[in-house]
Amino acid sequence: MKKSIFFLAGFLCVFFTWSQSENLAEIDKLFTNLASENKAMGTISIFKNGNEVFNKSTGFISIEDKLEANAYSNYRIASITKTYTATIILQLISEKKLTLNTKLSTFFPKVPNSENIRIQDMLYHRSGLFNVTEIKGFSTWISDYRTREEMLEKIQGTTSVFNPDSKASYSNTNFILLSYVAEEIEKKPYAKIFQERIADALDLDHTYLGKDIAVKDNGAKSYYFENEKWNLVELITNINGPIGAGGIVSTATEVNIFFDRLFSGKLLFDNFLKQMTTSKEGLGMGLSIFQYRGMNLYGHNGSIDGFRSIAGYIPSKKVGFTITCNGVNKISLSNLIFKVLDLYFKNDPSMQSNSLVKLKAEDLDPFLGVYGGATFPFKITFTKEKNTLMAQATGQPIFNLIALKKNVFKYDAMGILFNFNKNDNTVLVKFQGKEHLLKKEKV
């Protein structure tokens, strides 16, 4: 009997490995299509058990120089930087150089309401600090080199927008100031702190902070798509400004290395990692927390000067993923990464979701078509593949839905519900606690 069990386990292992190669081929095709359709340029990396199992680059890091992207191409990863900064702050706390309850006024008493703002409030975006990047004309102002004193003057000229810890509101100001807090404690520039505590500690040769990207060093320029072509982004943020809120440059592979080592305990003790990943209104410390097929998914996305990026890690599967882009055209990286995960886990038996009702292909015909609504930013097209209903938002990858009832379907990965009413040709979309009524445009 045991021999039979071992044989079956071995067979399933071989089968799943073979299936994974098929899945990775589908992901490869997905990204090839994105490039050929001018939807994105960049690199995707997938890690499993600490090792890279897939890497794909598309497009150019410099169209003008005809330099194609590759696995070693550097991209600005923007706000993913916040996860690195949160890690450094928690390291300082573990070394008893700081506490979660330390007040911001200890370091910067001139910042509005600093006497009531704790370090943990800033890590959770619950400080009430005005988001300095929303100041009128800031994007132009920050394109020049700005000193710490100039940045502080900007921040000190704002007003507090709510009482600390009363709610969450995303603010880059939190992590700019956390960078300065680290500088005050360590008595050295934040770029050096980052280099010693993260880049050198993990042997990241293509990850740095505080230096501009250079094409000669395989650094990517950024582009936007307009008039049927990619156009160079001219107005670029001086990376010294956003510092620990958005200043890191890296490769997709090395971002995955960081997340893998973070969640495997190489950077933080377990109790501090647990604090970092404890959710408050869907946010951890320098992290966003999502659910994917009932599993916790931790990560962050980033956007700066035409660069777009997203990274995440699923601890229960020891799977990490990163997409770094220097050009994105009418697609959501969040939706794209869920499509990638659906393909990656396609043949994993523990991830299968089955419809609760059996439908015939003709049962789906009343739902097919294009739907739109005033409160929803995209149109959704519903098609079918045999007896499976498919959904695709404008410019996004296509997803298969599972049937909960004859007229109710679910995109399981993101928990989106679609409730159809055949009588008035509408569908009620329920997502993240909100409802959107969409009507079929062509009946």
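The values are calculated or read from the model by the stated rules, or taken from the named source; none is laboratory data. Since this is a predicted model, take the numbers as computed values, not measurements. Glycine also receives a Cβ, built like all others from the backbone with ideal geometry; neighbour counts cover every protein chain displayed. Heavy atoms of the whole protein, side chains included, go into the accessibility calculation; ligands, DNA and RNA do not. Shrake-Rupley method; radii C 1.70, N 1.55, O 1.52, S 1.80 Å.
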**Request:** With Kirkwood radius over Cα pairs in Å defined as stated, name the option among (1) 25.1; (2) 23.5; (3) 22.0 computed from the structure displayed.
**Result:** (2)
**Selected from Ser222, Ile46, Tyr298, residue furthest toward positive end of dipole (the chain; charges at beta carbon)** = Tyr298
**Asked** What percent do you get for the relative contact order of the chain when only Cα pairs under 8 Å and 6+ apart count?
**Response** 17
**Item:** Extension gain (nm, one decimal) between Asp165 and Lys211, 0.36 nm per residue minus Cα-Cα
**Value:** 13.1 nm
**Asked** Antiparallel DSSP bridges in the stretch 221-368: what percent, to the nearest 5?
**Response** 95
**Prompt:** If you rank Val132, Val328 by how much accessible surface each has, with a 1.4 Å probe, what is the order from largest down?
**Reply:** Val328, Val132
**Prompt:** Given charges of +1 on the Cβ of Lys and Arg and -1 on the Cβ of Asp and Glu, with all other atoms neutral, how large is the dipole of the stretch 6-164 about its Cα centre, in debye to the nearest 20?
**Reply:** 600
**Request:** Determine the share of the chain's accessible area contributed by carbon and sulfur atoms, expressed in whole percent, with a 1.4 angstrom probe.
**Result:** 52
**Request:** Using only Cα atoms, tell me the angle between helix 81-94 and the longest principal axis of the chain; keep it within 0 to 90° and round to the nearest 10.
**Result:** 60
**Item:** Inter-label distance, nm, simple model (7 Å from Cα along the C-beta direction), Glu226/Asn70
**Value:** 3.2
**Item:** Contact order normalised by residue count of the stretch 53-96, Cα under 8 Å, 6+ apart, percent
**Value:** 23
**Request:** For His206, His125, His436, write out the residues from largest to smallest accessible area, computed with a 1.4 angstrom probe and no ligands counted.
**Result:** His206, His436, His125
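Given Cβ point charges of +1 (Lys, Arg) and -1 (Asp, Glu) and nothing else, what value in debye, to the nearest 20, does the dipole of the chain about its Cα centre take?
1400
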**Message:** For Leu368, Leu129, give me the order by solvent-accessible area with a 1.4 Å probe, most accessible first, ignoring ligands, DNA and RNA.
**Reply:** Leu368, Leu129
**Message:** If each residue of separation counts as 0.36 nm, what is the full-extension length gain between Val357 and Leu437 once their alpha-carbon separation is subtracted?
**Reply:** 26.4 nm
**Fill in**
From DSSP H assignment alone, runs of 4+ in the chain each adding -39500 (n - 2.57), the sum over residues rounded to the nearest 500 puts [θ] at 222 nm at -8000 deg cm²/dmol
**Request:** Please report the relative contact order for the stretch 321-419, taking Cα pairs under 8 Å with a sequence separation of at least 6, and give it as a percent rounded to a whole number.
**Result:** 23
**Fill in**
GNM of the chain, Cα pairs under 10 angstrom: of Lys56, Lys266, Lys187, the biggest fluctuation goes to Lys187
**Request:** Go ahead and collect, in residue order, the members of the stretch 328-347 whose backbone nitrogen is under 18 Å from a label point 7 Å along the Cα-Cβ direction of Asn33.
**Result:** 329-347
